[in-house]
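Undergrad: Submitted below is the structure of interest, expressed as structure tokens.
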Amino acid sequence: MSRKTQDDQDPIEYELVSKSVMKKEMHRLQAMGERLLTLREDQLATMPLTERLRAAIAESKRVTKNEARRRHLQFVGKLMRDNDEEAIQHALDRLDPTSALFIQEQQQSEAWRERLIREDEAILEWFETYPNTESQPFRAMIRAARKEQPADPEAPIKSGRQTKKLLHSIRQILQTKK
């Protein structure tokens, strides 16, 4: 670190970063921006992005030529510097089925689904943990999912339409809670 003084007052500290480290960071941001370009509109709406970056992402749909696309990706990478990278990465991980966060949330959702279908006490625990859940439609989904299951309580959970609908609802509630 080098120090420079400003009129012999408070020292200003600069962190020296090599060019290769700066390029790696630039490429990382550009790759994250490229992942944003592949998202659907409803997925982009959940991302914590600045308006300028949203406009650049919308503009990227029109850019088709190779060199223009490359330059536009660099521009998106540059705009990524003004955004909260960690929040964007966290939101992207929630959508990526190969990320550890997605797998953890999926397993938590499946555990809740199984408990809600098999145990009556789990419903009360759910409403204590997540009080903002609408009681009536949620209980109706649980009843419908229970009807799809075999009579044997030891049998594995069947993945019928209502059971999948319940799992999707649980996952959405868990995501909004965090």
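Undergrad: How would you rank THR38, THR163, going from fewest to most other Cβ atoms within 10 Å of each one's own Cβ?
TA: Least crowded to most crowded, the residues run THR38, THR163.
Undergrad: A further question follows. How far is helix 51-60 tilted, in degrees, relative to the longest principal axis of the Cα atoms in the chain, given as a value from 0 to 90 rounded to the nearest 10?
TA: 90 degrees
Undergrad: Separate question: Remind me, what semi-axes does the stretch 100-177 give for its equivalent ellipsoid, largest first in whole Å, using sqrt of 5 times each Cα gyration tensor eigenvalue?
TA: 19, 15, 11
Undergrad: Once Lys and Arg get +1 and Asp and Glu get -1 on their Cβ, which of PRO131, GLY160, PHE102 lies farthest toward the positive end of the dipole of the stretch 100-177?
TA: GLY160
Undergrad: Where in the chain lies the longest segment free of GluC sites (Glu not before Pro) that are both loop residues by DSSP (not H, G, I, E, B) and have at most 10 other Cβ atoms within 10 Å?
TA: Maximal segment without exposed cleavage sites: 16-133.
Undergrad: If you stretched the chain out fully between ARG118 and LYS24, how much longer would it get, using 0.36 nm times the residue separation minus the C-alpha to C-alpha distance?
TA: Between ARG118 and LYS24, full extension yields 28.9 nm more.
Undergrad: Compute the distance in nm between two label points, each set 7 Å from the Cα along the Cα-to-Cβ direction, one at ASN132 and one at GLU41.
TA: Here the answer is 2.5 nm between the modelled labels.
Undergrad: Oh, and also: Which links in LYS65/LYS164; LYS24/LYS61; LYS23/LYS65 stretch past 32 Å when you go from one Cα to the other?
TA: Numbers: LYS65/LYS164 41 Å; LYS24/LYS61 26 Å; LYS23/LYS65 24 Å.
Over 32 Å Cα-Cα: LYS65/LYS164.
Undergrad: Any chance you could tell me what percent of the C-alpha pair distances in the chain go past 25 Å?
TA: Values: 8765 of 15753 pairs.
Result for the distance tail: 56 percent.
Undergrad: What does the helix-only formula give at 222 nm for the chain: each DSSP H stretch with n ≥ 4 adding -39500 (n - 2.57), the total divided by the residues, and the result rounded to the nearest 500 deg cm²/dmol?
TA: -21500 deg cm²/dmol
Undergrad: With everything on Cα atoms, drop me the angle between helix 85-95 and the longest principal axis of the chain, reported from 0 to 90° to the nearest 10.
TA: 30 degrees
Only the coordinates and a few stated rules stand behind these numbers; no lab work does. Since this is a predicted model, take the numbers as computed values, not measurements. No Cβ is skipped: glycine too gets one built from the backbone with ideal geometry, and neighbour counts run over all protein chains shown.
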